[in-house]
Amino acid sequence: MAKKDKPARKRPTESVTDALRVPPGAHVSLTTYPADATPVGPGEKAAGVAATALLGEPLADLQERLYAASTAGDSCRLLLVLQGMDTSGKGGTVKHVIGQFNPSGCRIRAFKAPTEEERAHSFLWRITKALPEAGEIGIFDRSHYEDVLIGRVRELAPPEEIERRYDQINTFERSLAESGVTIVKVFLHISYEQQKRRLLERLDNPRKYWKFNPGDIDERALWPAYQQAYEIALRRCSSEAAPWFVVPADRKWYRNWAVSNLLLEHLSALDPQYPKADFDVEECRKRLLELG
């Protein structure tokens, strides 16, 4: 008897937001999140790249509507927070995903080690200064979470201070949400093996030496501690107002597709509207036509 073909396995149809969201208070173990997974959406590269390309037009339309609504007093804006280990693709996400937006409506900030002036203030001080204005899309390449990640792993502050920061972050993000900021926090989850491959690629290509820092090797040696620090941050700071999303980042094409769709779903939920004319349209049309 001839074997029957197995029916094709159906891909999950839930939203990207629901599929990748870390539920508030959930226990988080990153070992249960495969970094090369494609938990929702396209299961292979060609389809994923094609699907991502189709998102450019609706994303641009929503961005324009968001900005237009702000001209009539709407305070809504969106903040994308990108966190992840070295080589997880924070810069690549900015290039490939944010590249679909009009740059004049985006406010991009890459947070490096704090300056002397920044260290003289609360760790949230420099974050507050970089927030998007009404109608804008803000992108943080690293963020205030560095102060409970590297701060915890490298013991840059006393343990009791690190503990206080989780509550401070939750209070801060809740106040942002209440003031009209939609916060999309993305942890780009890369595997230990994939990070090694990407670091070696930088060493093997003279055109990528500028991307390599010998200190990356020192940070890699602390991988278990960083994974634990991320797990704690994801558990302690995934809230209803500002949930975390774990995006598998071993596959660059899937990372781009997932982040693009997270932005699309959140902007669509905002449903920004073009403001109605506050002038007499027909009268203005008549005057313009009369001028010839």
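The values are calculated or read from the model by the stated rules, or taken from the named source; none is laboratory data. The structure presented is a predicted model; accordingly, all values stated were derived computationally and were not measured. Neighbour counts run over all protein chains shown; Cβ positions are idealised from the backbone, glycine included. SASA here: full protein model, heavy atoms, side chains in, ligands and nucleic acids out. Shrake-Rupley method; radii C 1.70, N 1.55, O 1.52, S 1.80 Å.
Accessible surface of residue 141, taken over heavy atoms with a 1.4 Å probe and every protein chain present, rounds to 30 Å².
Ranking 173, 117 from most to least accessible surface, computed with a 1.4 Å probe over the protein chains only, gives 117, 173.
Averaging Cα coordinates gives a centre for the stretch 195-214 and one for the stretch 130-146; these two points are 28 Å apart.
Beta-bridge orientation, the chain: approximately 10 percent antiparallel, per DSSP, counting only bridges with both partners inside.
The tail of the calculated P(r) for the chain beyond 23 Å holds 60 percent of all Cα-Cα pairs.
In this label model, residue 204 and residue 116 are separated by 4.3 nm, measuring between points 7 Å along each Cα→Cβ vector.
Only protein heavy atoms count here; on that basis, with a 1.4 Å probe, residue 96 has an accessible area of about 100 Å².
For residue 29 and residue 278, the difference between the fully extended length at 0.36 nm per residue and the C-alpha to C-alpha distance is 84.3 nm.
Shape of the stretch 105-163 from the C-alpha gyration tensor: prolate (a/c of 1.5 or more and a/b above b/c, with a ≥ b ≥ c the square roots of its eigenvalues).
Accessible area per residue was computed with a 1.4 Å probe on protein heavy atoms; residue 109 scores about 80 Å². Using 0.36 nm per residue and subtracting the Cα-Cα separation, the extra length available between residue 109 and residue 197 on full extension is 29.0 nm. Shape descriptor for the stretch 1-136: Rg over Rh equals 1.06 (Cα atoms; Rh from the Kirkwood inverse mean 1/r). The residues of the stretch 34-109 expose, per residue, 44 Å² of accessible area to a 1.4 Å probe. Largest accessible area first, the residues 77, 21, 251 order themselves as 251, 21, 77 under a 1.4 Å probe with ligands, DNA and RNA left out.
Computed in the context of the full set of protein chains, the accessible area of the chain at 1.4 Å probe radius has 53% of its extent on carbon or sulfur. Estimated from helical segments only, the mean residue ellipticity of the chain at 222 nm is -13500 deg cm²/dmol, where each DSSP H run of four or more residues counts as -39500 (n - 2.57). Computed over protein heavy atoms with a 1.4 angstrom probe, the accessible surface ordering of 185, 208, 112, largest first, is 112, 208, 185.
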